[in-house]
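Asks: After the structure tokens below, expect a handful of questions from me.
The values are calculated or read from the model by the stated rules, or taken from the named source; none is laboratory data. The structure presented is a predicted model; accordingly, all values stated were derived computationally and were not measured. Positions of Cβ are generated from backbone atoms using ideal geometry, with glycine treated the same way; all protein chains shown enter the neighbour counts.
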Amino acid sequence: MELKPEVVKKIEILNDKIRSLDYFQILKVNKEATHEEIRINFYRLSKFFHPDRYYNLSDRQLKRKISFIYKQISESYNILKNDKLKKEYINLLDKNRDENLRYNFAEKKKKKEVNGPAKKYFQLGLRAFENRDYKTAKMQLQLALSMEPDNEVIKDTIEEVAAAIKRQYSSK
């Protein structure tokens with residue numbers, strides 16, 4: 001598979017530029033964007049940059065760039081779709097406009113771990129999700145959430161599973 005030169009150029013430019021963009025700029029929405037606007041832009045961008053679309057691409061370096069862009073788009077969406085994280089992120093941006101806060105903010109979110117008895121069910125849920133066994137994933141994650149009801153990581157993962165289930169049934 002070979003891409004048109006203009007598509008390759010678009011990918012190259014965005015790959016070079018994406019590290020300096022904040023989450024809103026990546027998803028091409030403003031701070032007041034609704035859930036629907038954020039979702040629509042995420043799906044539009046992820047449709048174009050999804051790595052599966054470029055599976056047969058022979059240029060491995062270009063495939064890595066596409067994958068990196070897609071990860072940044074997904075990270076942006078995962079922050080902005082959550083009202084609490086979005087508000088926190090806006091506050092951080094307003095206070096530190098000169099800094100690129102995306103990576104620090106993402107690391108802060110990732111540091112929230114699932115511990116204790118919930119960890120086992122969370123890991124089982126993730127494994128089922130990776131295997132596209134969404135019903136099992138949802139059940140295991142809900143068990144984990146019952147043990148750690150305030151854990152945002154578990155809540156976000158449950159939302160991802162619910163979205164996958166919705167996509168699965170809407171494609172049939």
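Asks: Which residues, counting only those in segment 22-53, are among the hydrophobic types (A, V, I, L, M, F, W, C) and either touching a Pro at 6+ places or on another chain (Cβ under 6 Å) or free of Cβ contacts under 8 Å to residues at least 40 places away in the same chain (or both)?
Replies: To start, the set of residues in segment 22-53 that are among the hydrophobic types (A, V, I, L, M, F, W, C) comprises 24, 26-27, 29, 33, 38, 40, 42, 45, 48-49.
Those that are among the hydrophobic types (A, V, I, L, M, F, W, C) and either touching a Pro at 6+ places or on another chain (Cβ under 6 Å) or free of Cβ contacts under 8 Å to residues at least 40 places away in the same chain (or both): Ile40, Phe42, Leu45, Phe48, Phe49.
Results for (1) among the basic types (Lys, Arg); (2) part of a helix (DSSP H, G or I); (3) at pLDDT 85 or above; (4) surrounded by fewer than 14 Cβ atoms within 10 Å (Cβ to Cβ), shown as yes or no for each residue.
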residue	(1), (2), (3), (4)
Asp98	no, no, no, yes
Glu107	no, yes, no, yes
Lys110	yes, yes, no, yes
Lys119	yes, yes, yes, no
Arg127	yes, yes, yes, yes
Lys135	yes, yes, yes, yes
Met139	no, yes, yes, no
Leu145	no, yes, yes, no
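Asks: Looking at Asp52, Asp22 in this structure, which one is acidic (Asp, Glu) and surrounded by 16 or more Cβ atoms within 10 Å (Cβ to Cβ)? Even if it seems obvious, please write down each step before you answer.
Replies: On the way: Asp52 fails: surrounded by 16 or more Cβ atoms within 10 Å (Cβ to Cβ).
Residue meeting the stated conditions: Asp22.
Asks: Still on this model: If Lys172 satisfies every condition in (1) modelled with pLDDT of 85 or more; (2) more than 15 Å from Asn115 (Cα to Cα) but one, which is the exception?
Replies: Just one mismatch for Lys172, condition (1).
Asks: Can I ask one more? For Phe24, indicate whether it is farther than 16 Å from Lys86 by Cα and within 19 Å of the chain's Cα centre (by Cα). Let's see the steps before the verdict.
Replies: Working: farther than 16 Å from Lys86 by Cα: no; within 19 Å of the chain's Cα centre (by Cα): yes.
No: the conditions fail for Phe24.
Asks: Suppose the filter is assigned to a helix (DSSP H, G or I) and either under 23 Å from Leu80 (Cβ atoms) or at pLDDT 90 or above (or both); does Asp156 pass it?
Replies: Values: assigned to a helix (DSSP H, G or I): yes; either under 23 Å from Leu80 (Cβ atoms) or at pLDDT 90 or above (or both): yes.
The answer is yes for Asp156.
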